[in-house]
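Chemist: Here it is: the structure, laid out below.
The values are calculated or read from the model by the stated rules, or taken from the named source; none is laboratory data. Just so we're clear, the structure is a prediction, and the values are computed from it rather than from any experiment. Every residue, glycine among them, receives a Cβ derived from its backbone with ideal geometry; neighbour counts consider all protein chains shown.
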Amino acid sequence: MPDHPNRQPHEPATQFTCPRNQDIGLRMRRLPLDYMLQVTPDMPKLLIDTVWELGRLAPEPMPRSLAWKWREEGRREGRQEGRQEGRQEGRQEGRQEGRQEGRQEGLEESTRRTLLKLIGKRFQPIPKWVHDKIKQAQFDQLDRWFDRVDMAQDLKQVFN
């Protein structure tokens, strides 16, 4: 088995070539080895092996490093834009939910006040238990009581 991909075991080390389908960076790193083999055809095998390994282990060429850097910068920018959009959407949703809750609370409060006024006109004085019951009720319950006030003979008929 040959110790180098392009050299047979008994072939002299006169030229080292790189296949065309290999990475351009790898081919560029092997150019000095080609030159050394052309200048000194009797180069010792250990030196060829050492140069071969150094060429294989050399860092990536600059264009790939720049491409990687630009790709990472793009990813960072994309993440940052995504976070900003997410925050903005969250704020908008929070505002909408807050407005909706505020409207619901306002409707409940106005229904409570109106219900207390109607009860006060029909049934004087208003007992404390009625105030407490109305204060703790949800809108649906307040609406049912509101409908019963004008037909009820006493407070028990309103709240039962």
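Chemist: With the structure loaded, tell me whether L37 is surrounded by 10 or more Cβ atoms within 10 Å (Cβ to Cβ) and modelled with pLDDT of 85 or more or whether it fails that test.
Modeler: No.
Chemist: Hey, another quick one. Does any residue of the range 119-126 turn out to be outside any helix (DSSP H, G or I), of a type in the set (S, T, N, Q) and touching a helix residue (DSSP H, G or I) at 6+ places or on another chain (Cβ under 8 Å)?
Modeler: no
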